[in-house]
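Structure first, then comments.
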Amino acid sequence: MPDGGAGYWLMLGLKMIAAMGFMAVADLIMLYAC
Amino acid sequence: MPARGYPKIPREQRDESNLGRIEARATSVPAGVCKERATKSSVQIRRHPLGPGSFGPGAASLARHVALQLCSSPGSLLRAKNPSGAATGNFCIASKEAGSFGYWRDPVFLLSFVIYAFNREVIKPSLSAYSPFFHGHLDDCLLVPVALPVFLLVYRRLGLRPDDAPPRWWEIALHTAVWSFFYKWFGPMVLHHGVADMVDVVCFAGGGAGAWMFWNWGSKLKWLRAPAAAVTMTELS
């Protein structure tokens, strides 16, 4: 890992949450609209 | 024996010392923006409810960073601004052939999207009887080539993808597994929307395998290369 600090893990966790949130919303849109 | 280095000062005194230094620096500046900003920052530090070095400002800064990454210009896709290993979690190693995938400009994605739109707007309404292929399986086969580039673009913007390489086999397999679970179990069983047909899972996998072959082997064909790749590499060099 380039940086093992708390800020790095916090940023990574925030990005993972954002990615999973996008996936959930996009999947729901595709389920109901496509 | 005297202590080496700087004498230890309690944290509270150190903070006060820093604030005094900031304010002294602000007063030393004759006039103008610098003085105003320095005074303002010292007041903000002192009056912040959680104190200096707290979680709140850091979290707000991270939220702003993610929002900027998502809303930034296409130039942010350059590897120079997203170096490999920078807050990516190192889920995979950056490919040496990075920069060859165009995401929404990818020919396979564009062709699949046109086929999907044509089927939805023209073919389906013109059919008098139900066709299992056009009403069901064709859309399932096009799921991976149409949806995956958009997902990967978002991951790249977030910095979770280290390069612009074509979709890897495990990225296709992972998304196919998630979509199979979501559309063929969670949708029909929990949301009561959709049909739990295992043939559709085979179509997901088949479409993903076909797209993988085009994305990874088709890069050797000139007519399948993404037009954006040349621009990106030119900007990088």
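Which loop chymotrypsin sites (Phe, Trp or Tyr not before Pro) in the range B:118-198, with loop taken from DSSP, have no more than 13 other Cβ atoms within 10 angstrom of their Cβ?
Details: sites: B:118, B:130, B:133, B:134, B:151, B:155, B:169, B:170, B:179, B:181, B:182, B:183, B:185, B:186; in loops: B:130.
Counting only loop positions with at most 13 other Cβ atoms within 10 Å, the chymotrypsin sites (Phe, Trp or Tyr not before Pro) in the range B:118-198 are B:130.
In this label model, residue B:196 and residue B:117 are separated by 3.6 nm, measuring between points 7 Å along each Cα→Cβ vector.
Could you rank the peptides B:139-146, B:159-166, B:210-217, A:25-32 by their average count of other C-beta atoms within 10 Å per residue, with the highest value first?
Numbers: B:139-146: 24.1, B:159-166: 22.5, B:210-217: 18.6, A:25-32: 13.8.
Packing order, densest peptide first, comes out as B:139-146, B:159-166, B:210-217, A:25-32.
Report the net charge of residues surrounding residue B:212, where surrounding means a beta-carbon distance below 10 angstrom and charges are Lys +1, Arg +1, Asp -1, Glu -1.
Local charge sum for residue B:212: 0.
Fewest-first ordering of A:23, B:189 by other beta carbons within 10 Å of each residue's beta carbon gives B:189, A:23.
Estimate the FRET efficiency between residue B:168 and residue B:129 by the formula 1/(1 + (r/R0)^6), using the beta-carbon distance for r and 51 Å for R0, to the nearest 0.05. Please report the intermediate quantities before stating the final value.
Numbers: r = 41 Å, r/R0 = 0.79.
My answer for the efficiency is 0.80.
Applying 0.36 nm per residue to the separation of residue A:8 and residue A:33 and subtracting their alpha-carbon distance, the gain on full extension is 5.3 nm.
Values in this text are rule-based calculations from the coordinates and carry no lab data. Treat the numbers as computed from the prediction; the structure is a model and nothing was measured. In this analysis, Cβ positions are derived from the backbone assuming ideal geometry, glycine residues included, and neighbour counts consider all displayed protein chains.
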